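Asks: Here it is: the structure, laid out below.
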Amino acid sequence: MRVVGISKRLGGRRILDAIHLELFKGQTKVLIGPSGGGKSTLLQCMNYLIFPETGFIELEGQTIDPRNTKALCAFRQQVGMIFQDFNLFDHLTAVDNVAIALRKVRGWSRRQALERAMAELERVGLADKATLYPAELSGGQKQRVSIARALAMDPKVMLLDEPTSALDPELVSEVLAVIRALAQGGMTMVMATHQMGFARAVADEVLFMENGRIIEQGPPAALLTPGAATRTLDFCSQLEGGI
Amino acid sequence: MQEILTVLWEAAPFILEGAGITVVAVVGAMFLGLGIGVPLAVAQTYGTGSVRRMADLYVWFFRGIPILVLLFLFYFGLFAWIGLNLSAMTATVLVLGMTSGAYQSQIVRGAILALPQGQFKAALALGMSRAQAVWSIILPQALRLSIPGWSNEYSILLKDSALAFVLGTSEIMARTHFVATRTYQHLPLYLLAAAMYFGLTWAGVGVLRLVERRVRIKGYGETA
Amino acid sequence: MSWMPAEEVEFFLHRLIPALNDGLLVTLALIVPSSLFGLAGGIVVGSLRVYGGALWGRLAGAYAAIFRGTPLVIQLVILYFGLPGLGITLSPYAAAVIGFTLCSAAYHSEYVRGGLRAVRRGQLLAAQALGFSPWKAVVWIVIPQAVRKALPGCGNELIYLIKYSSLAYVVTCFELTGQAKIIASESFRFSEVFFVAGLYYLIMVTVASKFLQWIESRLKIPGFGTL
């Protein structure tokens with residue numbers, strides 16, 4: 001997947017400034033940086049949930065034309081998205097949340113879709129919560145269901161927008177464990193996060209974003225080693241020390 | 001066209017006088033309804049046994065029968081039957097007020113139920129009696145939460161008051177009807193009446209919004 | 001009914017009840033089409049108010065404000081007594097059904113609008129992210145949620161319609177209330193006649209609200225509130 005020269009203005013302010021990004025199969029990239037730095041906008045642009053003003057997205061060598069609704073929907077099926085606030089469908093049980101896109105977008109039969117949905121729930125360790133509604137799940141469980149929902153579409157790339165920042169601290173690790181397993185299983189991912197330890201352990205590359213630009217990028221070892229004179233390290237030590 | 005304007009010009013003061021009567025009837029019914037509705041709401045939420053059942057029965061009765069039927073039933077039937085000889089205006093206020101009481105009880109009851117459970121418990125824990133807790137802790141909060149509901153209730157009562165013409169109460173509708181049957185200008189006259197009701201609706205809603213701002217407690221109920 | 005004098009039994013069984021039953025049929029013939037057309041109209045007007053853009057949204061909003069801000073009885077009288085002034089003459093029944101439909105659509109639109117607005121933006125975003133087309137996202141995600149949010153309000157509107165169908169009497173469409181008025185004026189038994197007519201309405205309203213409660217409980221989802 002390639003992101004070429006994405007720019008976006010909102011209310012006169014430049015949120016994204018000619019971002020370039022190249023993502024290879026199996027890679028995990030982590031976006032870090034201060035809030036309002038454009039991480040979330042970038043991720044939503046990569047799925048065309050927000051239309052960038054300039055630039056384009058390429059997946060496996062093919063450019064996507066966002067004005068072609070059919071192509072856009074097909075593209076989005078290949079790119080999974082995890083939201084900060086989960087956005088589970090409030091009127092559906094956990095298993096139906098996972099199954100609905102398979103049925104209505106992919107056109108699978110009900111039985112087939114539910115079978116697959118159960119398998120995905122099992123993968124995130126929630127097979128026993130399948131019949132509960134979103135309001136009956138904890139935040140960590142909701143996020144795991146939303147990961148299962150994205151995985152059920154067999155995405156080629158997963159975009160994760162601060163998947164743990166709306167969670168109570170004790171629920172963070174269960175979600176991170178699922179994401180780590182994904183990374184190790186060879187999923188291609190871009191994830192915005194403030195979890196530095198996790199970034200260090202999982203990321204192939206760390207991107208530091210501020211004011212709509214990628215300021216630094218490199219393997220975590222280079223950017224986050226104690227003593228490295230980088231903005232990234234500055235920011236991280238502030239984060240970790242400031243609490 | 002000339003003729004229509006003349007009729008409207010001559011009828012307007014007469015109908016506008018009816019607007020005064022409409023407002024008096026509606027405001028009277030609002031207060032009567034409040035006096036009936038608050039005790040009913042308390043009986044429905046905190047009452048036991050027969051008190052509660054009586055309150056439920058009252059609400060069921062007045063909410064289940066059309067205003068028109070209630071007006072006929074009480075004015076021509078029950079009031080006369082128990083020996084009361086009431087003017088049409090008094091009967092209108094009484095019937096609208098009793099009906100509104102049933103609806104207002106539902107507004108206040110909803111507000112009481114929306115309060116956090118701990119409020120009542122905390123009051124009892126301080127040594128208040130149940131009545132004290134309801135009077136000085138629950139109602140002051142519940143009545144504030146009820147204001148948006150009243151604004152709705154006012155606009156319903158205002159529109160229902162137009163039915164009082166069947167008893168001969170000389171409010172907007174009755175006066176419009178009176179002029180219309182003599183001049184045959186039904187359309188412009190009733191449009192004028194509709195405009196008056198429309199104006200009264202928005203005026204009343206505005207007044208209640210002002211009241212709401214007056215009694216607001218800073219930071220209270222903003223998340224609700 | 002041996003405790004009742006024969007002439008009383010005669011009055012109730014052979015005068016009042018048959019007349020009220022005739023009226024009841026007219027009442028039902030008013031309610032059924034008015035509620036269906038009213039709901040359909042309310043869905044259209046409510047959707048326009050949310051998704052209609054500046055012009056249509058404002059027109060639909062004005063429609064709702066006018067019909068909610070004026071008494072139904074005046075709307076009926078304008079339709080029946082006023083429109084002939086413009087050369088349009090309606091039968092009492094047609095005037096009543098059109099009036100009920102227009103008014104009820106305005107009220108329904110309020111709940112439909114509230115229901116659509118209450119569906120959180122993230123829900124649509126998540127559906128798009130999964131590859132739903134806008135149309136499919138509305139059908140499978142927005143509508144199932146909006147229906148549940150709007151149901152209590154729309155149900156209430158049906159109950160109101162049952163009661164306000166009595167206003168058809170004002171435009172000389174003789175339904176339940178009109179029949180009761182005729183019998184009462186002839187027999188001078190106002191208390192009994194209107195009490196029995198009231199019971200008819202009480203039964204209709206109670207049955208309808210039990211039915212609506214049943215539907216609501218069938219569609220209930222834990223933790224998913226109403227408006």
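Asks: Could you pull out every residue, at least 5 positions away or on a different chain, whose amide H is within less than 5 Å of the one on residue A:160? Hs are placed 1.01 Å off N in the peptide plane, and Pro or chain starts have none.
Replies: Placed amide hydrogens put A:82, A:190, A:191, A:192 under 5 Å from residue A:160.
Asks: Return the sequence-ordered ³J(HN,Hα) values of region A:75-92 in whole Hz as given by the Karplus equation 6.51 cos²θ - 1.76 cosθ + 1.60 applied to θ = phi - 60°, using x for Gly and Pro.
Replies: For region A:75-92, the Karplus-derived couplings read 4, 5, 5, 8, 10, x, 10, 10, 9, 4, 9, 6, 6, 5, 6, 5, 9, 10 Hz, x marking Gly and Pro.
Asks: Specify the residue with the greatest mean-square fluctuation among B:185, B:104, B:44, computed from a Gaussian network of chain B linking alpha-carbon atoms under 10 Å apart.
Replies: Between B:185, B:104, B:44, it is B:185 that shows the largest mean-square fluctuation.
Asks: Compute the relative contact order of chain A as a whole-number percentage, counting only Cα pairs closer than 8 Å that sit 6 or more residues apart in sequence. Could the numbers behind the result be given before it?
Replies: Values: 444 pairs, mean separation 65.5, N = 243.
Contact order relative to length: 27 percent.
Asks: Rounding to the nearest 10 and keeping the result within 0 to 90°, find how far the Cα-based axis of helix B:49-64 lies from the longest principal axis of chain B.
Replies: On a 0 to 90 degree scale, this one is about 20.
Asks: Under a cut-off of 19 Å between alpha-carbon atoms, report the aspartates and glutamates in cross-link reach of residue C:136, not counting same-chain residues fewer than 8 places apart.
Replies: Within reach: A:90, A:96.
Asks: Would chain C count as rounded, prolate or oblate if I go by the C-alpha gyration tensor, calling it rounded below 1.5 in a/c and otherwise prolate when a/b exceeds b/c, oblate otherwise? Write out the running numbers ahead of the final one.
Replies: Values: a/c = 3.76, a/b = 1.78, b/c = 2.11.
Oblate shape, in that a/c is at least 1.5 and b/c is the bigger or equal ratio.
Asks: Which of the helices in chain C meet the span-like rule: DSSP H, Cα axial reach of 30 Å or more, Kyte-Doolittle mean at least -0.5? Display every interim value, and only then the final one.
Replies: Values: long enough: C:17-51 (49 Å, 1.49); C:92-118 (39 Å, 0.44); C:190-219 (43 Å, 1.06).
Counting only whole DSSP H runs, the qualifying helices are C:17-51, C:92-118, C:190-219.
Asks: Go through B:81, B:161, B:119 and say which Cα lies farthest out towards the positive end of the charge dipole of region B:72-224; charges sit on Cβ, +1 for Lys and Arg, -1 for Asp and Glu.
Replies: Value: B:119.
Asks: Treating the angle as unsigned and between 0 and 90°, give the value, to the nearest 10°, between the Cα long axis of helix B:172-183 and the longest Cα principal axis of chain B.
Replies: Between the helix axis and the principal axis of chain B, the angle is about 10 degrees.
Asks: Are any of the pairs B:159/C:163; A:142/C:220; C:163/C:210; A:70/A:142 more than 24 Å apart by Cα-Cα distance, and if so, which? Provide the component values of the computation, followed by the final result.
Replies: Details: B:159/C:163 14 Å; A:142/C:220 20 Å; C:163/C:210 16 Å; A:70/A:142 29 Å.
Over 24 Å apart, Cα to Cα: A:70/A:142.
Asks: Right, something else. Take the alpha carbon gyration tensor of region A:2-241, find the square roots of its eigenvalues, order them as a ≥ b ≥ c, and report rounded if a/c is under 1.5; if not, report prolate when a/b exceeds b/c, else oblate.
Replies: On the way: a/c = 1.92, a/b = 1.31, b/c = 1.47.
Judged from the Cα gyration tensor, region A:2-241 comes out oblate (a/c at least 1.5, b/c at or above a/b).
Asks: Once you keep just the Cα pairs under 8 angstrom separated by 6 or more residues, what percentage relative contact order results for chain C? If you can, show how the numbers build up before the last one.
Replies: Numbers: 247 pairs, mean separation 62.1, N = 227.
RCO, chain C: 27 percent.
Asks: Also, I was wondering about something else. For chain A, set up a Gaussian network in which alpha carbons nearer than 10 Å are linked by springs, and say which option among A:20, A:91, A:194 fluctuates the most.
Replies: A:91
Asks: Taking Cα pairs under 8 Å and at least six residues apart, what relative contact order does region B:2-215 come out at, in percent? Don't jump to the answer; show the numbers that get you there.
Replies: Numbers: 229 pairs, mean separation 65.9, N = 214.
Value for region B:2-215: 31 percent.
Asks: Which whole-Hz ³J(HN,Hα) couplings does region A:172-180 yield from phi under the Karplus relation 6.51 cos²θ - 1.76 cosθ + 1.60, θ = phi - 60°, glycine and proline marked x?
Replies: 5, 5, 5, 6, 4, 4, 5, 5, 4
Asks: Against the longest principal axis of chain A, how steep is helix A:139-151, in degrees 0 to 90 to the nearest 10, with axes from Cα atoms?
Replies: Once rounded, the angle reads 80 degrees.
Asks: Select from A:84, A:141, A:62 the residue whose mean-square fluctuation is largest in a Gaussian network model of chain A (Cα-Cα springs shorter than 10 Å).
Replies: Sorting by GNM fluctuation, first place goes to A:62.
Asks: Where the only charges are on Cβ atoms (+1 Lys, Arg; -1 Asp, Glu), what is the dipole of region B:1-118 about its Cα centre, to the nearest 20 debye?
Replies: Working: 4 positive and 4 negative charges, 140 e Å.
Its charge dipole is roughly 680 debye.
Asks: Please label the shape of region A:116-195 as rounded, prolate or oblate, based on the square roots a ≥ b ≥ c of the eigenvalues of the alpha-carbon gyration tensor (a/c under 1.5 means rounded; beyond that, a/b larger than b/c means prolate, else oblate). If you can, show how the numbers build up before the last one.
Replies: Working: a/c = 1.83, a/b = 1.09, b/c = 1.67.
The shape class here is oblate.
Asks: Reachable lysines from residue A:25, Cα under 24 Å, same-chain residues fewer than 8 places away excluded?
Replies: A:39, A:156
Asks: Another question about this same structure. With +1 on the Cβ of every Lys and Arg and -1 on the Cβ of every Asp and Glu, and nothing else charged, how large is the dipole of region A:2-241 about its Cα centre, in debye rounded to the nearest 20? Present the calculation step by step, with values, prior to reporting the outcome.
Replies: Details: 27 positive and 26 negative charges, 165 e Å.
In debye, rounded to 20, region A:2-241 gives about 800.
Values quoted throughout were computed directly from the atomic coordinates according to the rules given, and no laboratory measurement underlies them. Computed from a predicted structure; not experimentally measured. FYI the Cβ positions are ideal-geometry reconstructions off the backbone, even for glycines, and counts take in every protein chain you see.
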